[in-house]
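Each value in this text was obtained by applying a stated rule to the coordinates, not by laboratory testing. Bear in mind the structure is a predicted one, so any value in this text is a computation, not a measurement. Virtual Cβ from ideal backbone geometry, glycine too; neighbours counted across all protein chains shown.
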Amino acid sequence: MSKVLNGLHYTKSHEWVKIEGNEAVIGISDYAQHSLGNIVYLETKEVGEDLTQFDELGTIESVKAASDILSPLSGSIIALNDEVIDRPELINDDPYGCWLVKMIIKDSNEINNLLTAEQYQLESK
Amino acid sequence: MKKTALYDVHLALGAKMVEFAGWEMPIEYQGLTQEHFATRQTCGLFDVSHMGEIMITGDDALSFTNYLVSGGVKPVPMRMTYGMLLHHDGGVIDDLMVYFYNPQKILLVVNASNLEKDVAWIISIQKNSSYQVIISDISSEVGLIALQGKQASTILQYLTTYPLDTLKMFDFEDLALHTMPFMISRSGYTGEDGFEIYGKNDDIVILFQKLVNLGAIPCGLGCRDTLRFEASMPLYGHEMNETVNPFEAGLSFGVDMNKDDFIGKEALLRAKSQGLKRKIVALELVDRGIARADYPVYDGDHLIGHVTTGYLIPGHDKALALAILDVGYWDLGTLVQIQIRKNRVEAVVRNKKFLHKQYVK
């Protein structure tokens, strides 16, 4: 069964988000990496871009398939994980250790639209 | 959904199963990338029992087959020939392997997705002719596995006294493996040396497990596609279909224009004299991104074709693609743009040798 970390929030589209003050750290879940298979390509929006909750944040591709990454929250991108962009296969080994982007949260009320670890556990069974 | 005889074995090996052509098949076991490299470096083992087998028997089996398929089937016993079933207009109904046993017995091995269509077509051709043949779809009785890679012959030799060295590429033979009867051919769909092994479903299950115990790595359909693409081999529904003729698909080696007559020959002669208007070429992406099947290809605002297969193949730095492009865009070095979702990505026409083949001839 796929691993779900406590303390993170999740989307139904299998992104995870860690809230650190007014910043959000975003990645994809163990379920997502497992469904995709061997990840070979990652493309994200640039630093400085503003996103709306559940808008497209980027694209992640395995050998077989391409999948959109959705932004769990509204906000402005402040950092990209260049190491993971260069070596996206790292996500398969450690999906929760590989953050993809960091953003400044625009509206923390939107966190209520996300799933808790418990809810996501049921969702991703 | 249909299941092959190896279904339970796949589950026990931890396979991720997917629907393919109405069958529940393993897409990968440990991981597509690992399996791709295992086949290139040692030996991969594939369940391809979903493929269709059609037996043509009777006095006219050879002449009927030569009328039916584009490839030149020579009366050399126990040799295989690649060919296609063509419409009268030259479009490809399916591509297939022809196994010539003797002039009264020929086996056609076809794509799973096309089996019913092929059988209906072959019967309709026979009905409107005077050929004396019996057409039997024996697919459900036949299991098929492929053992592919540098170590394939070493591993298989453990199970038979038959000298496998004497079996050259596209030869086949009826022989015993682990004391069970099989038909094996030196052939495959990966660009590696290897064997395709046909047998009764129960025997195939035993043999598959035996080969795994001897070190063959179970491989899913996922890497089967990256391997055949890396070897620049065509896949029906991608590089060819009913609206594409064999020359456009780059498959002239599967057509024998010297044969007296075969279905589609007239249309192909016409197509040849008129000159090709589009053709499959290889592309390498200059920019980042992965081009995938059906993505449109442009020259500026001008739509010039589409991608038929594309991957970032394990072990490659650049994403590669096969694409069918209009005339004028076939020269090596030609720059084109591929529409990858919202972006236009630059690509360059290159040669099709993605892989340096090391067949044992």
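For chain B, set up a GNM with springs between Cα atoms under 10 Å and report which of B:99, B:158, B:189 has the largest fluctuation. Largest GNM mean-square fluctuation: B:158. For residue A:123 and residue B:202, a Förster radius of 51 Å and the Cβ-Cβ distance give a FRET efficiency of 0.80, rounded to the nearest 0.05.
Could you work out how far the C-alpha centroid of the range B:290-312 sits from that of the range B:170-199, in angstrom? Result: 37 Å between the Cα centres.
Percent of alpha carbon pairs in the protein assembly as shown separated by more than 41 Å? Summing the P(r) of the protein assembly as shown above 41 Å gives 28 percent of all pairs.
Given in Å, the Rg to one decimal and the Dmax to the nearest whole number for the Cα atoms of the range B:247-292 are 15.4, 49.
Shielding value for A:60-67 is 6, the average number of Cβ atoms from other chains within 10 Å of each residue's Cβ. Placing unit charges on the Cβ atoms only, positive for Lys and Arg and negative for Asp and Glu, gives the range B:277-349 a dipole magnitude near 240 debye about its Cα centre.
Simple rule: put +1 on each Lys or Arg Cβ and -1 on each Asp or Glu Cβ in chain B, find the dipole, and look at B:135, B:43, B:108; the Cα lying farthest toward the positive end is B:43. Summing Lys and Arg as +1 and Asp and Glu as -1 over all other residues whose Cβ lies under 11 Å from the Cβ of residue A:105 gives a net charge of -2. Take each residue in B:314-322, count the other chain C-beta atoms within 10 Å of its C-beta, and the mean is 1.
Residue exposure proxy: B:223, B:43, A:98, ordered by other Cβ atoms within 10 angstrom of their Cβ from fewest to most, comes out as A:98, B:43, B:223. Taking other C-beta atoms within 10 Å as the exposure proxy, B:233, A:1, B:78 rank A:1, B:78, B:233 from fewest upward. Taking amide H as placed 1.01 Å from N in the peptide plane, residue B:256 has its amide H under 5 Å from the amide H of B:71, B:72, each at least 5 places away in sequence or on another chain.
Per the Kirkwood formula applied to alpha carbons, chain B shows a radius of gyration over Rh ratio, Rg over Rh, of 0.97. Across all directions, the average projected area of the convex hull around the alpha carbons of the range A:9-107 is 5.3 nm². Listed by Cβ neighbour count within 10 Å, with the fewest neighbours leading, A:15, A:46, A:118 appear as A:46, A:118, A:15.
Scattering from the range B:1-151 was approximated by placing one identical point on each alpha carbon and applying the Debye formula without solvent; log10 I(q)/I(0) at 0.13, 0.15, 0.20 1/Å stands at -0.68, -0.85, -1.20. One equal scatterer on each Cα of the range B:277-349, no solvent, Debye formula: the resulting log10 I(q)/I(0) at q = 0.11, 0.18, 0.21 Å⁻¹ is -0.21, -0.56, -0.78. With R₀ set to 25 Å, the beta-carbon distance separating residue A:1 from residue B:34 gives a calculated FRET efficiency near 0.70. Annotation for the range A:5-57 versus the range A:83-102: alpha-carbon center distance of 10 Å. Each label was represented as a point 7 Å from its Cα along the Cα-to-Cβ direction; for residue B:11 and residue B:261 these points are 5.3 nm apart. Separation of the range B:74-97 and the range B:20-51, taken as the distance between their Cα centroids, equals 25 angstrom.
The value of relative contact order for chain B, using C-alpha pairs under 8 Å at least six residues apart, is 18 percent. Sum up the charges of everything whose Cβ sits under 10 Å from the Cβ of residue B:316, counting Lys and Arg as +1 and Asp and Glu as -1, but leave residue B:316 out. The answer is -2. Per residue of peptide A:30-41, the mean number of Cβ atoms on other chains within 10 Å of the residue Cβ is 3.
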